Every structure is written in structure tokens, then in C-alpha cells.
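What follows is calculated from the coordinates using simple rules that are stated; it is not laboratory data. Nothing here was measured: the structure is a model prediction, and the numbers come from that model. Positions of Cβ are generated from backbone atoms using ideal geometry, with glycine treated the same way; all protein chains shown enter the neighbour counts.
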Amino acid sequence: MISLRGLTKRYGDTLAVDDLTFDVRAGRVTGFLGPNGAGKSTTMRMVLGLDHPTRGRALVAGRPYEDLRRPLRAVGAMLDARAVHPARSGRAHLLAQARSNGIPARRVEEVLETVGLAKAARRPAGTYSLGMSGRLGVAGALLGDPPVLILDEPVNGLDPDGVRWIRRLVRDQAAEGRTVFLSSHLMSEMQVTADHLVVIGRGRLLSDTSMAEFLAAASPASARASVPDPEARSRLVRRLAAVDGVSVEAAADGTVAVAGRTAAEVGDLAHECGVRLHALSDVRVSLEQAYMDLTARSVEYATGTDDDGGRG
Ligand SMILES: Nc1ncnc2c1ncn2[C@@H]1O[C@H](COP(=O)(O)OP(=O)(O)OP(=O)(O)O)[C@@H](O)[C@H]1O
Ligand SMILES: [Mg+2]
């Protein structure tokens, strides 16, 4: 488990992290979201003892990072995948890390195999592609077989195979009871990877909730039905329009969009008024949309190219 209590970091005039209090629990993947400059990397650096909090504290398994005797065995991290001596081979880089943490050399061969770098292990790390550097970073994080993993944008630069590999890896790690804390800007990937979400904006906590609750809160029940017969379609629309708290709209393609009721409820109503349906489904908001709605007011570096006309 990772615990933050009132964690705060100020750089001159910039309040990078502002009074963050939350726990990252074991046995699930926690996604760390927030716009560019929100303070995600700074938070992770403080958890890893690479930056000192201005106020508050960050604990790993109940201790400050500095107090961990063999830190790589307690927490594995990848923050900046390119932060490797360019002339050193991938293997030499990992061997040095292993040695300083009392990890046997054969573990280096294991993780090189796990991340798919065994063939490139003797090449200087400076010649690695972006994705290969990412894989080396993940190898370093896995080296000590730690119960806690912290990965800052691990899918950055990975090919589709690599993205899928990271997804399976972190899901497996969480299923084994480990704590996994990862940031990413790829919302569709996060939606299928994370169980829990922590969202920050301008250094402050915006949300700390399960993926399911985050999505449900963003999208009240809504459904879409396909009704082949025009007369029946009008009947269903009239029936739904008479229900309190429901808004309903018939589209030219023969579908009926219903806000305020689930697919199950719409199905029951259709059955009651003898309306035959060809398709019926719940409409769920995407993580991307839910996230955009939540962070619209906290975006520091907005592009103004929002497709809904530049909210925020
Ligand atoms: N060493 C530093 N000195 C001064 N300011 C810093 C330093 N590190 C980070 N900051 C500032 O702190 C804020 C948070 O930066 P941080 O890198 O933590 O954001 P982030 O959420 O990781 O963003 P991104 O999604 O772009 O990676 C930014 O305003 C950044 O400019
Ligand atoms: Mg960052």
C-alpha cells in the first residue's frame, strides 16, 4: 500500500502538489490521471524519495522510502524510461541495480526475458528505441519482485503488442495481491486496465473512486432501442415521454435514445405497450468523456480544440 497524507510540493510560485491525501491499495490497479502539469510525476517522485515534500508525507508499506533497507524489493518504479546511462548495455544497467539491492544476477536474465529485451540486452541503452527504453524501465521496476509497482506512463511509445503486454502484466501483478499505481493519458487503455482511479488537477485531488463508480457518476442511466415499426416507435416514444425524469428522442435511423432509464427498464416498458424491439442496450459514457467533464476546469495547458466547442 502507498499512503499519502497532506502531501504538498511547492516549486517557487508553482504549487505542484496541493495537500493530497489518499491510499493506493493492494490487489488492484489504480490509475493516476490528470492533465499535463497536474502533479502526477511530482507525486510519484515524492513517494520514491526523489523529491522532498514541502509538507505532508508519503509512505510505502507504512514507511518513508528513505527507511526501506532494500528499496527495489519493496517498490519497483519506472518514472523516466530514458534516464539510463546511454553507453551502458541494458543488462549492465540492470546488473548494477540488482547488485546494489542484493538481488541475484540470474533475476536480471529473468526480467530481460519477461520484457522481451533478451536479444538486445548487450546493446548500449542509448541505442534503444523509445519502446525498448520503456521495456528496460519496466524490467528495472520488476527486478526486486516488489509488492508495490509505480509506473509513470508505461505505455508511452509502446507498440500495440507492448500496450497489451503492459495491460496483462499489471493486471496479473494486481491479481497476485500487489499494489499497482500507474499514470497514463490514454483513456481507452486506462478504462480496460484500472480498477480504481485517482484524478488530480492543478495538484489537487479531484476524485478517488472505483472505475465503475466514476463512470456511473458521469452517466446517469441511459439506453438506446431499435424499433423497426414506425407506428410502434411513436407509441414507445409517447409512453416514455410520459415518464417522470425521462427524456426521449427518436432518430431517423429507427432508434430511440432514452436518458433517465436503463435498458432493462426500457425493455419492460416496451413489453408493456406491445412494442417489438430489434436491439436494446445501455449507453455508457467513455472514461475519456467522464474524465474530460471532470477536469475541464483544471486543464493548465489546454489546446482549445475541444470538439464540443472548447469547454474550460
Ligand atoms: N523540478 C521542478 N522545478 C520546478 N517546477 C517543477 C519541477 N518539476 C515539476 N515542476 C512543475 O510542477 C508541476 C507539476 O509537474 P508534473 O511533472 O508533476 O506534472 P504531470 O502531472 O506529471 O504532467 P504530465 O502529464 O505532463 O507528465 C508543473 O507545473 C511543473 O512545471
Ligand atoms: Mg508526468
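Solvent-free Debye calculation, one equal scatterer per alpha-carbon of region 188-245: log10 I(q)/I(0) at 0.19, 0.20, 0.27, 0.31 Å⁻¹ equals -0.78, -0.81, -1.15, -1.25. Is region 232-274 best put as rounded, prolate or oblate by its Cα gyration tensor, with a ≥ b ≥ c the root eigenvalues, rounded for a/c under 1.5, and otherwise prolate when a/b is larger than b/c, oblate when not? Rounded. Counting only alpha carbon atoms, the long axis of helix 263-272 and the longest principal axis of the chain meet at about 20°. Largest GNM mean-square fluctuation among Ser222, Ser133, Ser41, using the chain with Cα springs under 10 Å: Ser222. The GNM of the chain, with springs linking C-alpha atoms under 10 angstrom apart, assigns the highest mean-square fluctuation among Asp80, Asp161, Asp172 to Asp161.
Mean-square fluctuations from a GNM of the chain, with a 10 angstrom spring cutoff on Cα atoms, peak among Pro104, Pro71, Pro146 at Pro104. I'd like the distance between the alpha-carbon centres of region 154-231 and region 67-117, rounded to an integer number of Å. Cα centroid of region 154-231 versus Cα centroid of region 67-117: 28 Å apart. Equivalent-ellipsoid semi-axes for region 1-64 (Cα gyration tensor, √(5λ), whole Å, largest first): 19, 14, 9. Take the convex hull of the alpha carbons in region 36-151; its mean projected area over all directions comes to 7.6 nm². Using only the Cα atoms of region 128-196, each taken as one equal point scatterer with no solvent, compute I(q) by the Debye sum, divide by I(0), and report log10 of the ratio at q = 0.20, 0.27 Å⁻¹. One equal scatterer on each Cα of region 128-196 leads to -0.79, -1.44. Between the beta carbons of Ala241 and Val192, assuming R0 = 25 Å, the FRET efficiency works out to 0.10 to the nearest 0.05.
As a ratio to 2.2 N^0.38 Å, the alpha-carbon radius of gyration for the chain is 1.23. The modelled label-to-label distance between Thr14 and Asp282, using points 7 Å beyond Cα along the C-beta direction, is 4.1 nm.
Calculated on the Cα set of region 148-257, radius of gyration then Dmax: 20.6, 59 Å.
Largest first and in whole Å, the equivalent-ellipsoid semi-axes of region 93-142 read 18, 11, 10, each the square root of five times a Cα gyration tensor eigenvalue.
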